[in-house]
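The structure appears right after this line, and notes come after that.
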Amino acid sequence: MSTKKDILLLGATGYSGRLTAAYLLKHPARSTFSLQLAGRSKAKLDALAAQLRADSLSLDGVEFVLIDVTNDSQLERAVKDARVVINTVGPFWLWGTPVVRACARNGVHYVDINGEWPWVHKIIQEYDFLATKTGAVIVPCCGFDSVPGDVSAYVSVRTLQAHNPALTAGDSTTAYNVKGGVSGGTVSTAITFMESIPRWRMSQSSRPYALSPVIGKRAAWPRFLYSFPPSLSSIQGGYWVMRGINTAIVRRTWGLFYTNSLRNSSQASEPSTKPYGPEFLYDEFMQTASVFHSFATSFMLFSTMVLMMFAPVRWIAKRVVPSAGSGPPPEVLEQRWAKITNITSSAPSPGQRQTHVQTIFKGRGDPGYLLTAIFLGEAALTLLPPSFDGLTSLAKRGGVLTPMSALGEGYIERLKRSGRIEIDSKVITERASASAKKTQ
């Protein structure tokens, strides 16, 4: 009988790690999986155990283990003993590669909360092939970046295809309306982008289809003002700070589905991996209240990114932002929310009117923390048996994948059952949307 532990959570003493640990311990299926909570400080692990007990969470069957991700032999032993590794230790450019390497070598599944597309670019190049040989399912970006965007685009395309199987997707755009916050770890990651990632890697990985196995339609440059077609929605907005990683992940999902259909035509009809279509083009923006707010938001974000290129500004930022491991108190987390709207249109076809689908993804709780704990925890549980049997054919081959190219429909249903996520998708018409706009 196997002695492997079902889930190994790395970084359990950090802010996101603590929230993920609490979510898993409260999970209705808690009795069906074993859990190890790992950190590099015994004192912090002891404090975590005390806090979880104070929150009336049972620790029966939970193991607390000391693991330093920079200690290769220690990390290798721990990973070999797990079925799924959850990694919350960032910045991932600095600390994530050894974990992925150990998982890829040993055929152990992996999920994380990173939003660093240069690092994802790196692990695809270095470990995708190895993971397909060992059967390891490596799924980065299972937090707020990039689950809502990947799920919303996927659901919209599937709704479009269910409405008319002959249709393929064209433009797909997501608007984010969020009330959230920033932790010290998030700021630390942003600074790492500026200080540690080589310029050549940043340049290569920032190309629109750098993470996709194939190149699609030409993508638009970032801009100050975004909107849906006026005949479909009155929503408008500005540049979205997570656009870089989210568009890269959704385009990788598109590319993986496309190449999967070419590799084996017998799998092309599998609903969960059916190609979106060659004309699919994804983008996203942050929803704002007015054109003025859109320009102001975009200007502020672009200005901040430029300022952060200067070492003195980063020096100041390191001293005024919250320390890594800290974040908003529980009562604040509960007051926050996210509403994500995706509109996907069918690819233009001569003599035919386009069909449009609107998907709304709602989350109750802080998007980057409470909701991320749900996204991450449910992704890990989806990779365990018996749920594993319902994964996509891509996942069953292994590799560095994306949330929707690996986890499929079963993952979406898990999110809905969490009680904090609502996903609604429907076909909309230009006339109905225009009438709705007049009555708002």
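The values are calculated or read from the model by the stated rules, or taken from the named source; none is laboratory data. Small disclaimer: the values here were computed from a predicted structure and weren't measured. Heads up, the Cβs are rebuilt from the backbone with ideal geometry, glycines too, and the neighbour counts pull from every protein chain shown.
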Would you kindly identify the helices (runs of 4 or more DSSP H) lying entirely within segment 79-137 that contain at least 2 residues that are out of contact with any Phe, Trp or Tyr (no Cβ under 7 Å at 6 or more places or on another chain) and closer than 22 Å to Val250 by Cα?
-> 117-134
Pick out the one residue from Ser425, Ser405 that is of a type in the set (Ser, Thr, Tyr) and in a strand (DSSP E or B).
-> Ser425
Given the conditions (1) part of a helix (DSSP H, G or I); (2) surrounded by fewer than 23 Cβ atoms within 10 Å (Cβ to Cβ); (3) hydrophobic (A, V, I, L, M, F, W, C), every one holds for Ile374 apart from (2)
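Kindly establish whether Pro386 is more than 15 Å from the chain's Cα centre (by Cα) and either at negative phi or surrounded by 24 or more Cβ atoms within 10 Å (Cβ to Cβ) (or both).
So Pro386 passes the test.
For (1) more than 30 Å from Ile197 (Cα to Cα); (2) surrounded by 13 or more Cβ atoms within 10 Å (Cβ to Cβ); (3) at pLDDT below 95, each residue gets a yes or a no:
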position	(1), (2), (3)
Ser2	yes, no, yes
Asp6	yes, yes, no
Leu10	no, yes, no
His27	yes, yes, no
Ala38	no, yes, no
Gly61	yes, no, yes
Val65	yes, yes, no
Lys80	no, yes, no
Cβ pairs under 6 Å, 6+ apart or interchain, first in segment 108-121 and of a type in the set (S, T, N, Q), second in a helix (DSSP H, G or I), ordered by first then second residue, are Asn114/Phe92
Identify, from the list Phe224, Phe299, Phe280, the residue that is within 23 Å of the chain's Cα centre (by Cα) and either of a type outside the set (Asp, Glu) or exposed (fewer than 15 other Cβ atoms within 10 Å of the Cβ) (or both).
-> Phe280
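Yes or no, residue by residue, for (1) among the β-branched types (Val, Ile, Thr); (2) farther than 20 Å from Phe302 by Cα:
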residue	(1), (2)
Gly181	no, no
Thr192	yes, no
Arg201	no, yes
Pro213	no, yes
Pro230	no, yes
Ser234	no, yes
Ile245	yes, no
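Would you mind finding the one in Leu37, Leu24, Leu45 that is in contact with a helix residue (DSSP H, G or I) (Cβ under 9 Å, 6 or more places away or on another chain), in a helix (DSSP H, G or I) and not assigned by TED's automatic domain parsing to the domain that holds Ser326? Lay out the reasoning, then the answer.
Values: Leu37 fails: in a helix (DSSP H, G or I); Leu45 fails: in contact with a helix residue (DSSP H, G or I) (Cβ under 9 Å, 6 or more places away or on another chain).
Exactly one of Leu37, Leu24, Leu45 is in contact with a helix residue (DSSP H, G or I) (Cβ under 9 Å, 6 or more places away or on another chain), in a helix (DSSP H, G or I) and not assigned by TED's automatic domain parsing to the domain that holds Ser326, namely Leu24.
Check every one of the helices (runs of 4 or more DSSP H) wholly within segment 261-371 and list those with 3 or more residues that are farther than 30 Å from Pro91 by Cβ.
On the way: elements: 291-307, 311-320, 330-335.
Correct list: 291-307.
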